[in-house]
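**Student:** Dumping the structure here so I can ask a few things about it.
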Protein chains: 2
Amino acid sequence: MEKVLAGQEWFWEKLNHYLAKSQLKHSKQRNFIIEEFLAMDSHVSAEELYSQLKNRDHNPGLATVYRTLNLLKDAGLVDQKQFSDGKSVFEVMAPDSHHDHLICLSCHKVIEFENEEIERLQELVAKKHSFKLTKHSLELFGHCSDCVKTL
Amino acid sequence: MEKVLAGQEWFWEKLNHYLAKSQLKHSKQRNFIIEEFLAMDSHVSAEELYSQLKNRDHNPGLATVYRTLNLLKDAGLVDQKQFSDGKSVFEVMAPDSHHDHLICLSCHKVIEFENEEIERLQELVAKKHSFKLTKHSLELFGHCSDCVKTL
DNA sequence: TTGAATGCAAAGTTTTTGCAAAAGC
DNA sequence: GCTTTTGCAAAAACTTTGCATTCAA
């Protein structure tokens, strides 16, 4: 749940490895975009990241932001989540994190949670249907304690 | 899991009630679209429904298909699901069905399942975070037994 | 008759792509 | 120097909207 600002080395290392393997390059824009993405709260849309970069006096094209996020997705470093209003956000895919989301329909707050037992039951369901599971997405929608009062 | 072709009266009744309450009307196109939607397998996109209607010698505009599906959504009769490739599909929201989805990444087959215990644990998680839950979405991605062989 | 529904085409959104110029290695 | 990346604008994909016409009650 906590933001860990240090300890993103693994991210850059995996990225370097991916770029090398795929014969791709670093670039000023690419690095700026990724730095800002890592600094921002997770669950960021391409548009939000783009605006943020403009505030910081960098001005990559929106296309470049998309291309960079897609690169990270291909590298398996971020995950793209489609929310039900059709918008999508990106989040860092830490190799050891298995969290799901509680989403407030009023204020759009996103809370992460982990539940071992739910994970275990999912495995069971998959096994029962002879599925080989690669990932899952569990989203609980509702109203958070703050917003519930104002309804 | 079985398709129940009879017993859609509740759907039409709720629809009638909603239309009356909102001072909206029935129409030939609207009814054709809804009939075809109910006859098709669930998890149908607007575009698929539109093509199907053309095959059946009805030719509502695509906009009308969208408008009708949105009407059903407003009426609380269907649910729109965003799949991870950015496309969205609609499915009947039976008042007593709490099912989730196993989705094959190879053949795009969708299998529904129900798991009481997962539901119960979700409630617990929500309670722990003081969330008032309204709905949830659980999707398990992987490869089905058929496709796993071909990998 | 009066408001709602339709069809069409135009406009919106979000994301991707083509291409010439610039940058990385 | 050769290949990748960038920026821009154009295109794509999906969905909504505006408006004149048709339809339902």
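The values are calculated or read from the model by the stated rules, or taken from the named source; none is laboratory data. Note that this is a predicted model, so its numbers are computed, not measured. In this analysis, Cβ positions are derived from the backbone assuming ideal geometry, glycine residues included, and neighbour counts consider all displayed protein chains.
**Student:** When residue A:97 is evaluated against the numbered criteria (1) modelled with pLDDT of 85 or more; (2) under 13 Å from the mean Cα position of the chain (by Cα); (3) exposed (fewer than 14 other Cβ atoms within 10 Å of the Cβ), which criterion, by number, is the only one it fails?
**Tutor:** (1)
**Student:** I'd like to verify a number: residues in the range B:7-36 that are touching a strand residue (DSSP E or B) at 6+ places or on another chain (Cβ under 8 Å) and within 14 Å of DNA strand D (Cβ to nearest atom), how many? Walk me through it before giving the result.
**Tutor:** Residues of the range B:7-36 that are touching a strand residue (DSSP E or B) at 6+ places or on another chain (Cβ under 8 Å), as a first pass: B:11.
Keeping just the survivors that are within 14 Å of DNA strand D (Cβ to nearest atom) gives none.
Matching residues across the range B:7-36 total 0.
**Student:** Now for a different question. Enumerate the pairs (first residue in the range B:57-78 and assigned by TED's automatic domain parsing to the domain that holds residue B:25 and among the small types (Gly, Ala, Ser); second residue anywhere and more than 8 Å from DNA strand D (Cβ to nearest atom) and assigned to a loop (DSSP other than H, G, I, E, B)) with beta-carbon separation below 8 Å, excluding pairs fewer than 6 apart on the same chain, so at least 6 apart or on different chains.
**Tutor:** That search, which allows pairs on different chains as well, returns B:76/B:93.
**Student:** Report those strands (runs of 3 or more DSSP E) wholly inside the range A:73-148 carrying at least 3 residues which are more than 10 Å from chain B (Cβ to nearest Cβ).
**Tutor:** Working: elements: A:78-82, A:88-92, A:100-104, A:110-113, A:132-143.
Per the criteria, A:88-92.
**Student:** Right, something else. Picking from B:11, B:37, which residue would you name as being under 14 Å from the mean Cα position of the chain (by Cα) and more than 21 Å from residue B:63 (Cα to Cα)? Walk me through how you get there before you give the answer.
**Tutor:** Values: B:37 fails: more than 21 Å from residue B:63 (Cα to Cα).
The unique qualifying residue is B:11.
**Student:** Determine whether residue A:63 is more than 8 Å from DNA strand C (Cβ to nearest atom) and away from chain B (no Cβ under 14 Å). Talk me through it step by step, then tell me what you get.
**Tutor:** Values: more than 8 Å from DNA strand C (Cβ to nearest atom): no; away from chain B (no Cβ under 14 Å): yes.
Taking the combined requirement at face value, the residue does not satisfy it.
**Student:** For residue A:151, which of the numbered conditions (1) within 19 Å of residue B:81 (Cβ to Cβ); (2) exposed (fewer than 13 other Cβ atoms within 10 Å of the Cβ) fails to hold?
**Tutor:** Only one criterion is unmet by residue A:151, namely (1).
**Student:** Return yes or no: is residue B:141 over 21 Å from the mean Cα position of the chain (by Cα) and surrounded by 15 or more Cβ atoms within 10 Å (Cβ to Cβ)? Before the answer, list the steps.
**Tutor:** On the way: over 21 Å from the mean Cα position of the chain (by Cα): no; surrounded by 15 or more Cβ atoms within 10 Å (Cβ to Cβ): yes.
So residue B:141 fails the test.
**Student:** So, one more: Check whether at least one residue in the range B:67-82 is among the hydroxyl-bearing types (Ser, Thr, Tyr), within 13 Å of DNA strand D (Cβ to nearest atom) and modelled with pLDDT of 90 or more, and report yes or no. Walk me through it before giving the result.
**Tutor:** Residues of the range B:67-82 that are among the hydroxyl-bearing types (Ser, Thr, Tyr), as a first pass: B:68.
Next, only the ones that are within 13 Å of DNA strand D (Cβ to nearest atom) stay: B:68.
Okay, now just the ones that are also modelled with pLDDT of 90 or more, so B:68.
Yes, the range B:67-82 contains at least one residue that is among the hydroxyl-bearing types (Ser, Thr, Tyr), within 13 Å of DNA strand D (Cβ to nearest atom) and modelled with pLDDT of 90 or more.
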